[in-house]
Amino acid sequence: MTRLSNAALAALPEHVARPGYDRAQVVPGVVHFGPGAFHRAHQAAAFDTVLAHDPRWGVTGVSLNSRSVAQALGPQDGLYTLALLDAESRFRVIGAIGGVLTRDDPARILAALAAPETRIVSATVTEKGYCLDGEGALDFEHPAIRADLAALSGDLAPTAPLASFTGWLVRGLAARRAAGLPGVTVLSCDNVTDNGRKLEAATLALARALDPGTAAWIADNVTFPNAMVDSITPATDDALRARVRAETGFEDAWPIQRESFTQWVIEDRFSGERPPLDLAGVTFTTDVRPFEKAKLRLLNGAHSTLAYVGLGLGLETVAEAMAHAPLAAFVERLMREDIAPSVGATPGLDLDRYITQVLARFTNPALRHLLSQIAWDGSQKLPYRLLDTLRDALAAGRDPARLAVPVAAWIRFLARAAREGTTLTDPLAATLLDRAQDWRALLELRPVFGELSGEARFTRALERALGTLEAGGIEPVAAL
Ligand code: CS2
């Protein structure tokens, strides 16, 4: 079967949407770090819509940790198929990504960052890609940051590969300054509370450690809006590849699937020109925090709960977990009674309706969303998704019993992985596995739990939740 490529576009069946613009006219205006499934499902699709109106917002991808996206998309001229899977499914070939650079191309990464036409540097590098410490500040002890500090000390201009996104930002911004170019907007699209502000502080901290002049220039010329991004994107599997082959008639090495729902809310704080993303349904607002809080705590908090409790029950997918009546009831109660109060009233956001919508999205039978995918990187996700909510509940004097359940389920998940010798995907895997049989030792991990380890009401609730899960699974938990 012929591989998807520019030459294939004209031959796609009519029901498959394709770029509504001439790809030869596209100019890259965005450099995106982390062109994995989430970016290609979401932000790249939004820029694909924008390109039909303005060709100056093409995307150059940068993959620091792997060559696989570059290898898959290279022979396809950057094209890939996006499957929108719901009651009705739709297929769309996305043309926004012109090329993907890897750490083998440091000179080209620097050139892209320092190109006059680049106005946005965006990122989906996941929580761990920010190299933050337990307090949300740049972790100067992080191996990638130490390596980049050494690589950049003395001269910000050379082009040896760097290990961190933050390192690349500082180098790229220094190069823009040296070339007399304007600043850019740095747009974080990760599930990190206050993502833009944290990235701003981390970038300034690294720049200050290297060259105060560059730091001052960044502070004056670069903005880091907060943003909330939402669309459920299960990892690509062989079933999707086969379906895309059947629907499009072409071989696509790495198609992407997601639900049709999508939301992107961006703080209106652009340095220079703002892309007309509103044409793709993006909301610009003065304060993203309430949306971000609702999404991270309700959707992602519930996701992680379904994942760790569901895996403990031998379930495989989110839809299966939602079909497990006691687990679904527990998660709904957790969202409505324990998480929603911590989100608080938000003008323009009806939390009850939001919860109902999120739960309906979780039952989407067209998506095979593996709980094991959501269970990755628990040490990075839990603080934003559940532990902040727990802190707020304790501060407000609310009972932490139910909120302790997903934390207990995560601890049991770690203990199982340690016992069974299964691979744990988490940057702290070695430490977590080491302490997995001793929950009190796990609680001592400051970057994960912070001061919660010393909170007697939390530790009591956690001990009880561990005991309840141990004794009888979810039914007794659902009664909490
Ligand atoms: C999920 C998210 O994998 C996970 O941890 O909770 O990727 C989730 O699907 C997205 O944030 C939805 O926008």
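The values are calculated or read from the model by the stated rules, or taken from the named source; none is laboratory data. This is a predicted model, so every value here is computed, not measured. Neighbour counts are summed over all protein chains in view; Cβ atoms, including those assigned to glycine, are modelled from backbone coordinates with ideal geometry. In case anyone asks, the SASA skips ligands and DNA or RNA and just uses the protein heavy atoms, side chains included. Shrake-Rupley method; radii C 1.70, N 1.55, O 1.52, S 1.80 Å.
Below is a table of values for the structure above.
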{"read-out": "Computed log₁₀ I(q)/I(0) - Debye formula, equal Cα scatterers, no solvent, the stretch 259-304, q 0.13, 0.18 Å⁻¹", "value": "-0.37, -0.65"}
{"read-out": "For the stretch 289-478: accessible area per residue (Å², 1.4 Å)", "value": "40 Å²"}
{"read-out": "Relative contact order of the chain, defined on C-alpha pairs under 8 angstrom at six or more residues apart (%)", "value": "14 percent"}
{"read-out": "Sparse-neighbour loop sites [trypsin sites (Lys or Arg not before Pro); the stretch 39-111; at most 13 other C-beta within 10 Å; DSSP]", "value": "Arg67"}
{"read-out": "Computed label-point distance, nm, for sites Arg208 and Thr2 using a 7 Å Cα→Cβ extension", "value": "5.7 nm"}
{"read-out": "Burial order of peptide ranges 190-198, 401-409 (average beta-carbon count within 10 Å, highest first)", "value": "401-409, 190-198"}
{"read-out": "Ranked by how many other beta carbons lie within 10 Å on average, peptides 291-303, 457-469, 346-358 from highest", "value": "291-303, 457-469, 346-358"}
{"read-out": "Long-range amide H partners of Val62 with built H, under 5 Å", "value": "His32, Phe33, Gly34, Leu101"}
{"read-out": "Distance between modelled label sites at Asp104 and Leu349, nm, 7 Å Cα→Cβ extension", "value": "4.3 nm"}
{"read-out": "Accessible-area composition of the stretch 6-285, carbon plus sulfur, in percent [1.4 Å probe]", "value": "52 percent"}
{"read-out": "Table column - 3J(HN,Hα) (Hz), the stretch 442-452, Karplus curve with 6.51, -1.76, 1.60, x for Gly and Pro", "value": "4, 5, 6, 6, 4, x, 8, 9, x, 7, 4"}
{"read-out": "Portion, in percent, of the accessible area of the stretch 289-478 that falls on carbon or sulfur, probe 1.4 Å", "value": "52 percent"}
{"read-out": "Potential extension, Asp133-Arg336 segment - 0.36 nm per residue separation minus Cα distance", "value": "70.0 nm"}
{"read-out": "Ala72 versus Thr286: modelled label distance in nm, points set 7 Å from Cα along the beta carbon direction", "value": "4.2 nm"}
{"read-out": "Loop sites in the stretch 91-173: chymotrypsin sites (Phe, Trp or Tyr not before Pro), DSSP, at most 15 other Cβ within 10 Å", "value": "Phe140"}
{"read-out": "³J(HN,Hα), Karplus 6.51/-1.76/1.60, whole Hz, each residue of the stretch 86-103, x for Gly, Pro", "value": "7, 3, 10, 9, 10, 10, 8, 8, 9, x, 5, 8, x, x, 10, 9, 10, 5"}
{"read-out": "Per-residue [θ]222 nm for the chain (sum of -39500 (n - 2.57) over DSSP H runs n ≥ 4, rounded to 500)", "value": "-12000 deg cm²/dmol"}
{"read-out": "Accessible area per residue, Å², the stretch 6-285 with all protein chains present, probe 1.4 Å", "value": "36 Å²"}
{"read-out": "Other-chain or far-sequence residues with amide H under 5 Å of Ala163's (modelled H)", "value": "Asp148"}
{"read-out": "Packing-based order for 329-341, 242-254, using average beta carbon neighbours within 10 Å, highest first", "value": "329-341, 242-254"}
